[in-house]
1. Across the stretch 127-142, which residue is nearest to the chain's Cα centre (by Cα) among those that are under 24 Å from Asp176 (Cβ atoms) and buried (at least 17 other Cβ atoms within 10 Å of the Cβ)?
2. For the stretch 388-406, which positions are part of a helix (DSSP H, G or I) and either over 19 Å from Gly58 (Cα atoms) or free of Cβ contacts under 8 Å to residues at least 24 places away in the same chain (or both)?
3. Output the qualifying pairs, or none if there are none: Cβ atoms under 7 angstrom, residues six or more apart or on different chains, first residue in the stretch 152-181 and modelled with pLDDT of 95 or more, second residue in a loop (DSSP other than H, G, I, E, B) and among the basic types (Lys, Arg).
4. Quick one: which residue in Gly295, Gly299 is within 16 Å of the ligand (Cβ to nearest atom), part of a loop (DSSP other than H, G, I, E, B) and surrounded by fewer than 18 Cβ atoms within 10 Å (Cβ to Cβ)?
5. Looking only at the stretch 50-98, count how many residues are more than 16 Å from the ligand (Cβ to nearest atom), open to solvent by 20 Å² or more (accessible area, probe 1.4 Å), in contact with a Lys or Arg (Cβ under 8 Å, 6 or more places away or on another chain) and assigned to a helix (DSSP H, G or I).
6. Please go through (1) more than 17 Å from the chain's Cα centre (by Cα); (2) within 15 Å of the ligand (Cβ to nearest atom); (3) more than 16 Å from Val267 (Cβ to Cβ) for Thr154 and return the number of the only condition it doesn't satisfy.
7. Here are the criteria: (1) open to solvent by 20 Å² or more (accessible area, probe 1.4 Å); (2) closer than 25 Å to Ser22 by Cβ; (3) not in a strand (DSSP E or B). Tell me which single one Thr385 does not satisfy.
8. Applying the selection to the stretch 99-143, what residues are more than 14 Å from the ligand (Cβ to nearest atom), among the polar types (S, T, N, Q) and over 26 Å from Phe301 (Cβ atoms)?
Amino acid sequence: MTTSTDPVTIFESLESEVRSYSRSWPVTFDTAVGSHMTDIDGRTYLDFFAGAGALNYGHNNPKLKGALIEYLQRDGVVHGLDMQTAAKAEFLRTFSEIILKPRNLNYKVQFPGPTGTNSVESALKLARKVTGKEAMINFTNAFHGMTLGSLSVTGNSMKRGGAGIPLVHATPMPYDNYFDGKVPDFLWFERVLEDAGSSLNEPAAVIVETVQGEGGINPARIEWLQGLAELCKRHEILLIVDDVQMGCGRTGPFFSFEAAGIQPDIVCISKSISGYGLPMALTLIKPELDVWGPGEHNGTFRGNNPAFVTATETLRSYWTDDTLERSTVAKGLRIEEKLNELAGSLPGGLEVKGRGLARGLGFAEPELAGKTAGAAFDRGLLLETAGPDSEVAKLMPALTITDDELEEGLGIFADAVRSVVR
Ligand code: PMP
């Protein structure tokens, strides 16, 4: 095999066929600031992708970068497993003071490993350990990660197929609006729970996203989430909210479930918790459920201290008041308005979806979503698709995007849609 210094060739010749974003955006990115990424030829792209939700505060946010550089300059501990470090103490103190206490939330914090799927795996394991039951309830079109436990509660058949073994111990229930509002909420779920002849294995926990991201930007109604929490309580089933993508302010409030006024038993957090795109995850556990033995769930990269430093700075910079939350809601409504306008001006079959700054435009002809993303890229805008048939164009800008950048991106998006819808 020949290798080349040509960057495109090097990826094609050396990087696994599993690569995907590099196929959608076949340029080589080099620098990134705020809501822009620049490639090696100097072309700049407006970012409506935001690291799949890991860059809620934009690229190389200067407030966070300052704290990170200072920490590295003074030789702060970088790698620390789960040792006590000053950076971790500061993060825990700040998270408790700024996030948990004002929301009246009482959780122990587990550092499960640096990725979203690490948090989901720990949540599933803990729910099984606490209850002594193995069955899980998940929802149609859910996405929880690529390791085997997380895949077992994930809907997408292509991703599930990659497991290569049977994915077991999970029973799917219809997510909100699965039957277009024609069936009362939880009709099937309640029935199989109560019917001794249903064959449902008694579930340890329910795992749910408040807005399904990868599943197609499907928001569950607030009353549906409240109904689910109430059902779980009545049937003594633990409630796990996977807030990996919709947490950290993506829908407005810090936790996406705040709007429903519910208190999940376990919460999975990752993606934007470090604020800087550095790997970090949390599993939040109601104290009475924290039955782990020391080291029973471990991992080498649970102590990414630079991530703790930027996470602390993020909370101090953006979460001491509700300015960011209000701006996220307002920007989200602006996107919704623009998408409704666009859908209204084009032939039918376009569905406007989402909450906060997680927005989507669904296409009746699925391939038009991918074509829209391609046309947007040609015009200098980065966005991806979501949904079981990749039928939704997903608009997820950084929460810190300026109003001008948002308008510019929405203009490019509208052009891209018009270029593919006839
Ligand atoms: N849960 C949800 C809701 C997600 O959106 C994702 C990632 N898209 C994950 C879990 C998995 O996170 P990671 O890719 O960091 O393992």
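The values are calculated or read from the model by the stated rules, or taken from the named source; none is laboratory data. Please read all numbers here as calculations on a predicted model, not as lab measurements. Methodologically, a virtual Cβ is constructed for each residue, glycine included, from the backbone with ideal geometry; neighbour enumeration extends over all protein chains shown. Accessible surface areas use protein heavy atoms only, side chains included; no ligands, DNA or RNA. Shrake-Rupley method; radii C 1.70, N 1.55, O 1.52, S 1.80 Å.
1. Ala142
2. Asp404
3. From residues that are modelled with pLDDT of 95 or more, the pairs are Asp176/Arg221.
4. Selected residue: Gly299, the only one of Gly295, Gly299 that is within 16 Å of the ligand (Cβ to nearest atom), part of a loop (DSSP other than H, G, I, E, B) and surrounded by fewer than 18 Cβ atoms within 10 Å (Cβ to Cβ).
5. The number of residues fulfilling the criteria is 1.
6. Status for Thr154: all satisfied but (1).
7. (3)
8. Residues satisfying the conditions are Asn104, Asn106, Thr131, Thr140.
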